[in-house]
Amino acid sequence: MTALYAGIDVGGTSVKWMIVDEAGAAVDQGDFTSGGEISARVVELARSLVTEHPDIAGVGVICPGIVDEGNGKVLYAANLSLDGVPLAALVEQACSRPTLLGHDGRAAGLAEAVLGAGRGVDSFAMMPIGTGISVALLLNGELLPGSTFCAGEVGHAPIFPDGEECLCGQKGCLEVYASAKGIARRYARLSGEDIGARAVEARLGTDPIAREVWDTAVTALAISFTHLILAVDPERIIVGGGLCHAGEILLDPVRKRLAEFLRWRQAPAIVAAELGGAAGRWGAAILGCQAAGQTHFERWTV
Ligand SMILES: [Zn+2]
């Protein structure tokens, strides 16, 4: 009988889970809408998954916010009422399986490192661009949590001094200009039309306001990448999240802008993430495999 591994991705909107076998095939998956007493619901989910699939040998749970992975504890998670919850221990007690807790962004980075656009490299910066922006940093083969588990919050780095206001209280933050939400919001403010980032992208050839908003996003990203490249010299930059569907429409101008900011050295490869929205779940499943002390994930492909 082959062992199974469970990955549970706890998000602000929904909780998604997946059961993977030793060969890396997803044998079961599902989701439910977040809300209520989320830690109790996650514990109950883990218990029912193990009842249904007794061959589960390890469980990985991931969530956003500030996560102390070493102690399996959520320190802070906006909108999830998980602050201070020792989630790994609670799940482990409930289902009697070894359990690891991870941060959702770093888990997505782990999945890209093992199964996606980060395969075969020792260092990368993976930036999911969606509602917000953060970065998962893989350095010497390890994902960096930071001294206070806050590494990678570059979305709130001021890019344009005295720029537009951000929800964090600062002005000119990267995600104000370059997140999918920021692009949609800036276009709506300048044009009076609230159409979303995808529609802005579709209008690039015909609408000067769309072009201006997009070019500003490209510049903001190129500035952020310049800082990342000069600080840690990664082998690759991986762009993920909702905006990554734009592909070369985003990446090509970012590479050109980056070359202007990095005149004295070459930029590393800038590539699109490969796992899309499933990266978190795959990362959680890899953690489940690691929790069981196994390395089967090294042979998985997606
Ligand atoms: Zn901010």
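The values are calculated or read from the model by the stated rules, or taken from the named source; none is laboratory data. Bear in mind the structure is a predicted one, so any value in this text is a computation, not a measurement. We place every Cβ from the backbone using ideal geometry, glycine too, and count neighbours over all the protein chains shown.
Things to note:
- The C-beta contact set for the stretch 16-31 (first residue assigned to a strand (DSSP E or B), second residue of a type in the set (S, T, Y) and surrounded by fewer than 20 Cβ atoms within 10 Å (Cβ to Cβ), distance under 6 angstrom, 6+ apart or interchain) comprises D21/T2; D31/S14.
- Residues of the stretch 276-302 that turn out to be at pLDDT 95 or above and outside any helix (DSSP H, G or I), as a count: 5
- Whenever a residue of the stretch 271-296 is touching a residue at least 24 places away in the same chain (Cβ under 8 Å), its partners that are crowded, with 19+ Cβ neighbours inside 10 Å and basic (K, R), lying with C-beta atoms within less than 6 angstrom and at least six residues away or across chains, give the pairs R281/K16.
- Some residue of the stretch 15-24 being of a type outside the set (V, I, T), loosely packed, with under 14 Cβ neighbours inside 10 Å, closer than 25 Å to G105 by Cβ and modelled with pLDDT of 95 or more: no
- Members of the stretch 129-149 found to be modelled with pLDDT of 95 or more, within 14 Å of the chain's Cα centre (by Cα) and not β-branched (V, I, T), listed by number: A136, L137, L138, L143, L144, P145
- Test for V59: is it under 23 Å from G130 (Cβ atoms), assigned to a strand (DSSP E or B) and within 20 Å of the chain's Cα centre (by Cα): no
- Any hit, the stretch 120-134, residues being buried (at least 22 other Cβ atoms within 10 Å of the Cβ), of a type in the set (F, W, Y) and farther than 20 Å from I62 by Cα: yes
- Screening the stretch 131-248 for helices (runs of 4 or more DSSP H) wholly inside it with 1 or more residues that are within 16 Å of the ligand (Cβ to nearest atom) returns the ranges 174-178, 180-191, 208-232.
- Number of residues in the stretch 272-295 that are crowded, with 19+ Cβ neighbours inside 10 Å and over 21 Å from V15 (Cβ atoms) equals 2.
- Any hit, the stretch 112-127, residues being within 16 Å of the ligand (Cβ to nearest atom), assigned to a loop (DSSP other than H, G, I, E, B) and outside the structural domain of A57 (by TED's automatic domain parsing): no
- Residue within the stretch 249-263 that is under 19 Å from the mean Cα position of the chain (by Cα) and more than 20 Å from A113 (Cβ to Cβ) present: yes
- Considering the stretch 70-102, and only residues there that are in contact (Cβ under 8 Å) with a residue 40 or more places away in the chain and in a strand (DSSP E or B), the residue that is surrounded by the fewest Cβ atoms within 10 Å (Cβ to Cβ) turns out to be L75.
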